[in-house]
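*Asks:* Here you go, one structure.
What follows is calculated from the coordinates using simple rules that are stated; it is not laboratory data. Please read all numbers here as calculations on a predicted model, not as lab measurements. Every residue, glycine as well, gets a Cβ built from its backbone with ideal geometry; the counts of neighbours run over all protein chains shown.
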Amino acid sequence: MERYPFAYDHASPYVRQAGEWIADQLYDVLPEHGFEVRDEQIYMAFQLERAFADKRTIFAEAGVGTGKTLVYLLYAVCYARYHRKPVIVACADESLIEQLVKPEGDIAKLQRHLGLLIDARLAKSPDQYVCLNKLDEARLGHEEAGLYQEVHMDLPEFVHVRDGMQSFHAYGDRKQYPHLNDTQWNRMSWDVFQDCFACEKRHRCGQTLSRDEYRKAADLIICSHDFYMEHVWTYESRKRKGQLPMLPDHCAVVFDEGHLLEAAAQKALTYKLKHVVFEEMITRLLKGEIRESLAYLIEDAITQSESLFELLERRSEAIPGSDRKRIVLEDELLEEVRKFRDVLTVIEDELVYESELFMINEYQLRIVEEHLEMMQKALNLFDRPEKLICWATDSVNGLSLVMMPRTVQEVMRERVFSTAMPVIFSSATLSVNGSFDYVAEGLGIDDYLSFSVDSPYEYERQMKVIAPAWTYRATFSEKMKTSAELLQRSEGRALILFPSKEELLGFKREIVHYSECAGMRFLFEGDQEISHLIATFQSDEPSILCAVTLWEGLDVPGPSLSNVIIWSLPFPPRQDPVFMVKRQAAASPYEDVDLPYMLLRLRQGLGRLIRSRSDWGTAAILSEELHKQSQLREQIESLLPSGVALLEQW
């Protein structure tokens with residue numbers, strides 16, 4: 001593979017030469033293969049040259065159809081070749097990763113039409129891989145044991161048989177099991193409560209083997225926002241423990257759909273505690289010869305953990321439209337947390353003495369000490385409840401306590417944006433009313449470049465947007481009837497976007513009773529692996545895709561997607577702990593938090609409709625609020641493409 005894609009003159013700045021070469025590809029080479037010359041794309045290329053040359057952070061807002069992905073990929077490959085380190089391309093989620101690397105995706109196009117050999121590899125999140133321990137539990141104890149036994153038998157031979165001179169390869173990716181729904185997959189996939197360092201199968205684990213593979217990438221490593229932020233937060237601790245960071249050294253980062261990065265940053269800083277996991281971990285110490293005083297302390301800790309989680313069970317309240325439960329931080333709860341921390345502190349002190357006696361297995365002792373250290377960091381957040389966000393979630397084996405700090409700006413500023421490397425935010429929706437402050441302030445970005453270019457499409461000709469008027473205040477049944485009529489008009493070929501899983505499931509239960517939709521094929525997110533579901537939707541033209549997470553990134557040009565239905569305006573849940581805290585910190589909660597979030601998401605959802613110059617179709621917003629609130633209606637009308645009006649009937 002040639003190091004540089006052009007003849008590099010060492011007497012002239014490299015990035016400037018890369019920019020000239022990229023302009024040649026956009027102006028001359030790609031048009032020979034049927035690509036359009038787009039002024040918006042050329043403008044973006046010149047703007048990115050500044051960011052790469054000066055190692056700056058840039059918000060690159062470019063409308064649908066500008067070809068922004070091709071631009072940042074070309075710069076990323078050139079930059080990686082110069083520095084001999086890969087560039088990280090972090091996408092909002094796993095489905096967007098698949099869209100980028102699919103056989104007809106942008107990386108494949110560049111390789112095919114420019115003759116480039118691009119070494120791009122995937123770094124998928126741990127929960128996208130089979131956990132061998134959970135698979136064993138599922139196949140031996142679950143009612144669908146036969147399903148999991150079949151998965152087990154299909155694993156590579158080296159998982160079952162341990163011989164010398166075996167060759168290993170990555171396996172167990174979620175994409176390899178498209179027939180499993182999300183519930184079935186979650187029973188055998190990795191989760192945060194798995195103790196990988198103590199797992200005797202870790203060297204034959206598909207997740208471990210995949211890391212060995214993507215670390216060798218020369219040009220691009222493609223991962224999710226969640227994965228990149230997990231790398232950032234664990235970088236120092238992994239090095240301190242003698243472990244490799246999750247990602248290798250890299251020379252630049254591209255955040256595709258970068259307006260979603262703050263949520264990923266908060267998620268990566270999240271701690272999760274569970275009583276059954278703590279009990280299983282701490283009782284490992286009882287398997288060795290330990291002093292009686294330590295054994296009593298372990299029993300006290302288990303009792304205190306039970307007491308804490310029983311109180312959480314009583315004090316937590318379900319949040320409508322969410323799988324989270326709200327926790328009220330009362331004095332009684334804070335006192336239970338303090339008692340639990342106190343006994344953990346005593347155990348930590350005792351383990352220092354115990355280690356000097358060499359009575360406990362050293363490896364098991366280290367695992368317990370690391371887990372206790374994590375728990376103390378998490379519980380320390382309760383010292384300042386005003387800076388804490390917490391909630392609870394239910395599962396088959398008990399409640400989980402989830403905690404995170406209120407803000408991530410300081411950590412992001414120190415660990416991401418203070419590094420001397422280019423950081424590119426790419427999306428069609430980075431600004432609100434022309435300002436990038438909403439995204440920048442949420443991430444702690446003080447200094448940045450920015451630009452915004454519109455889509456080259458003729459939306460006034462290609463797109464119609466309706467907000468149906470209501471007779472009965474947009475009740476559920478009225479929305480169902482309207483949706484059925486819209487689906488009849490487009491003969492399927494629709495994407496229905498729901499703000500919550502609860503609303504999607506309600507639609508799924510009721511649509512079978514509408515004779516107008518008899519014979520239509522509905523595809524529901526969660527029923528199959530997401531990239532397989534999208535591929536089915538694209539190939540089966542009359543089908544209807546119903547989703548919660550596909551507001552961003554879904555790229556389905558052609559007649560398969562001729563109708564987008566927005567089930568309701570995507571405001572954040574009123575009782576969600578994260579957004580409750582954001583509102584408390586805002587001078588004007590609705591204007592500063594709820595409205596910008598909704599407008600960004602709505603723009604993304606509407607952007608799923610027109611993906612090429614030949615596309616046309618209708619987007620429907622099923623909302624009562626915009627008919628009653630004139631200012632809200634004006635805000636929504638202002639985000640529509642130029643020339644597109646908000647109609648009340650079709």
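*Asks:* Cβ under 11 Å from TRP650's Cβ, TRP650 left aside: what net charge do those residues give with Lys, Arg +1 and Asp, Glu -1?
*Replies:* 0
*Asks:* Count charges around PRO596 for me, please; just the other residues with Cβ under 13 Å from its Cβ, Lys/Arg as +1, Asp/Glu as -1.
*Replies:* Result for the neighbourhood of PRO596: -2.
*Asks:* Moving on to the next point. Once Lys and Arg get +1 and Asp and Glu get -1 on their Cβ, which of GLY643, THR407, SER431 lies farthest toward the positive end of the dipole of the chain?
*Replies:* GLY643
*Asks:* Can you tell me the length gained on complete extension of the stretch ASN186 to GLU332, counting 0.36 nm per residue apart and subtracting the Cα distance?
*Replies:* The span from ASN186 to GLU332 would gain 49.1 nm if fully extended.
*Asks:* Can you show me the helix-derived [θ] at 222 nm for the chain, built from DSSP H runs with n ≥ 4 at -39,500 (n - 2.57) apiece and divided by the number of residues, rounded to the nearest 500.
*Replies:* Value at 222 nm, helices only: -13500 deg cm²/dmol.
*Asks:* Label-point separation (nm) for GLU306 and LEU639, each offset 7 Å from Cα along Cα-to-Cβ?
*Replies:* Roughly 5.0 nm, to one decimal.
*Asks:* How high is the FRET efficiency from GLU36 to SER418, r the C-beta distance, R0 35 Å, rounded to 0.05?
*Replies:* 0.35
*Asks:* Using a 7 Å offset from the Cα along the Cα-to-Cβ direction at both ALA469 and GLN176, what is the distance between the two label points in nm, to one decimal?
*Replies:* Going from the ALA469 label point to the GLN176 one covers 5.8 nm.
*Asks:* Give the relative contact order (percent, whole number) for region 126-195; include only Cα pairs under 8 Å separated by 6+ residues.
*Replies:* Answer for region 126-195 is 56 percent.
*Asks:* Neighbouring Cβ atoms within 10 Å as the yardstick, rank ARG608, ARG413, ARG174 fewest first.
*Replies:* Result, fewest neighbours first: ARG413, ARG174, ARG608.
*Asks:* Taking every DSSP beta bridge with both residues inside the chain, roughly what % is antiparallel (nearest 5)?
*Replies:* 30 percent
*Asks:* To continue, here is another question. Taking neighbour Cβ counts within 10 Å as the exposure measure, how do TRP567, TRP650 sort from fewest upward?
*Replies:* Ranked by crowding around the Cβ, least crowded first: TRP650, TRP567.
*Asks:* To the nearest 20 Debye, how big is the dipole of region 535-624 about its Cα centre, given +1 on the beta carbon of each Lys and Arg and -1 on that of each Asp and Glu?
*Replies:* 140 debye
*Asks:* Nothing charged except the Cβ atoms of Lys and Arg (+1) and of Asp and Glu (-1): what's the magnitude of the dipole of region 459-647 about its Cα centre? Round to the nearest 20 debye.
*Replies:* 200 debye
*Asks:* For GLU648 and ALA53, compute 0.36 nm times the residue count separating them, minus their Cα-Cα distance, and round to one decimal in nm.
*Replies:* Using 0.36 nm per residue and subtracting the Cα-Cα distance, I get 209.3 nm.
*Asks:* Net charge near TYR296: determine it from the other residues with C-beta under 14 Å of the C-beta of TYR296, scoring Lys and Arg +1 and Asp and Glu -1.
*Replies:* -4
*Asks:* If you don't mind, there's one more thing I want to ask. Going down the table (LYS55/LYS267; LYS201/LYS241; LYS68/LYS387; LYS102/LYS501; LYS339/LYS387), which pairs top 29 Å between alpha carbons?
*Replies:* With Cα atoms farther than 29 Å apart: LYS68/LYS387.
*Asks:* Using r as the Cβ-Cβ distance of THR536 and ALA145, and R0 as 25 Å, what FRET efficiency do you calculate, to the nearest 0.05?
*Replies:* Efficiency computed from Cβ-Cβ geometry: 0.35.
*Asks:* At what distance in nm do the modelled label points of GLN488 and SER12 sit from each other, each positioned 7 Å from its Cα along Cα→Cβ?
*Replies:* With each label placed 7 Å out from Cα toward Cβ, I get 6.5 nm.
*Asks:* What is the order of CYS199, CYS223, fewest Cβ neighbours within 10 Å to most?
*Replies:* Least to most surrounded, the residues fall as CYS199, CYS223.
*Asks:* To the nearest 20 Debye, how big is the dipole of the chain about its Cα centre, given +1 on the beta carbon of each Lys and Arg and -1 on that of each Asp and Glu?
*Replies:* Magnitude of the dipole: close to 940 debye.
*Asks:* Please name which of TYR8, LEU504, GLN194 has its Cα lying farthest along the dipole of the chain towards the positive end, using unit charges on Cβ (Lys, Arg +1; Asp, Glu -1) and the Cα centre as origin.
*Replies:* TYR8
*Asks:* So for region 212-333, taking the charge dipole from beta-carbon charges (+1 Lys/Arg, -1 Asp/Glu), which of LEU261, LEU247, ILE302 sits furthest toward the positive end?
*Replies:* LEU247
*Asks:* Helix 132-141 versus the longest principal axis of the chain: what angle, 0 to 90°, nearest 10, using Cα atoms?
*Replies:* With both axes taken from Cα atoms, the answer is about 80 degrees.
*Asks:* Let me ask something else about it. Calculate how steeply helix 362-380 sits against the longest principal axis of the alpha-carbon atoms of the chain, using the helix alpha-carbon long axis, and give the answer as 0 to 90 degrees to the nearest 10.
*Replies:* Compared with the principal axis, the helix lies near 60 degrees.
*Asks:* At 0.36 nm per residue, minus the direct Cα-Cα distance, what do ASP28 and GLU213 gain on full extension? Give it in nm, one decimal, please.
*Replies:* In short, 63.0 nm is gained.
*Asks:* Additional query: Take the Cβ-Cβ distance between ASP447 and MET153 as r, set R0 to 60 Å, and report the resulting FRET efficiency rounded to the nearest 0.05.
*Replies:* 0.60
*Asks:* Moving to a separate point now. With the contact rule set at Cα under 8 Å and sequence spacing of 6 or more, what percent relative contact order holds for the chain?
*Replies:* Value for the chain: 18 percent.
*Asks:* If you fit an axis through the alpha-carbon atoms of helix 292-315 and take the longest principal axis of the Cα set of the chain, what angle between them do you get, 0 to 90°, nearest 10?
*Replies:* For helix 292-315, the angle is close to 40 degrees.
*Asks:* Tell me, what HN-Hα J-couplings in whole Hz come from the Karplus equation 6.51 cos²θ - 1.76 cosθ + 1.60 at θ = phi - 60° for each residue of region 633-646, using x for Gly and Pro?
*Replies:* Using θ = phi - 60°, the values come out as 4, 4, 4, 5, 4, 5, 8, 6, x, 4, x, 9, 9, 8 Hz.
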